[in-house]
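Here the structure comes first, spelled out in structure tokens, and everything after it is commentary.
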Amino acid sequence: MKKSYINKVSKKQASKLRLWAKVKARRMADLEKAYGCVICEYCGQSRNVGELWQFDPHHIDHNRNNNTYENCYIVHRCHHSYIHDHNIRVSSEDFGSRELFL
């Protein structure tokens, strides 16, 4: 049987993904601590029912290599898709000025 390489990632990419997951987890923990629940930093609402309302991390500068805490914002999946689909450039001001953790 042949091995499938569809889901294979390089060691370098796997390392980046682990770092991004840690940044996301830290950001979500800080939101939980500050608000008592994880909120979308774009709309300020907590999780609703359904897949579109789950949380995704978003790179503010759209640079996937910039995996810093300051460049990560937690947004609902529907907002994340909207931002990317419409090529919207966001800044920290667009995220409700929630610069609580810097």
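Read-outs: derived from the displayed coordinates by stated rules, not from any lab. Given the structure is predicted, the values throughout are model-derived calculations rather than measurements. No Cβ is skipped: glycine too gets one built from the backbone with ideal geometry, and neighbour counts run over all protein chains shown.
Only Cα pairs under 8 Å and at least 6 apart count here; give the relative contact order of the range 1-92 as a rounded whole percent.
RCO, the range 1-92: 26 percent.
What is the fewest-to-most order of Cys43, Cys78 by other Cβ atoms lying within 10 Å of their Cβ?
Cys43, Cys78
Give me the dipole magnitude in Debye, nearest 20, for the range 13-95 about the Cα centre, with unit charges on the beta carbon: positive for Lys and Arg, negative for Asp and Glu.
Magnitude of the dipole: close to 420 debye.
Given labels modelled 7 Å from the Cα in the Cβ direction, how far is it in nm from Arg89 to Arg18?
Inter-label distance under the simple model: 3.5 nm.
When a/c reaches 1.5 or more, the comparison of a/b and b/c decides; with that in mind, is the range 1-64 rounded, prolate or oblate per its Cα gyration tensor? Write out the running numbers ahead of the final one.
Working: a/c = 2.61, a/b = 1.92, b/c = 1.36.
Cα axes put the range 1-64 in the prolate bin.
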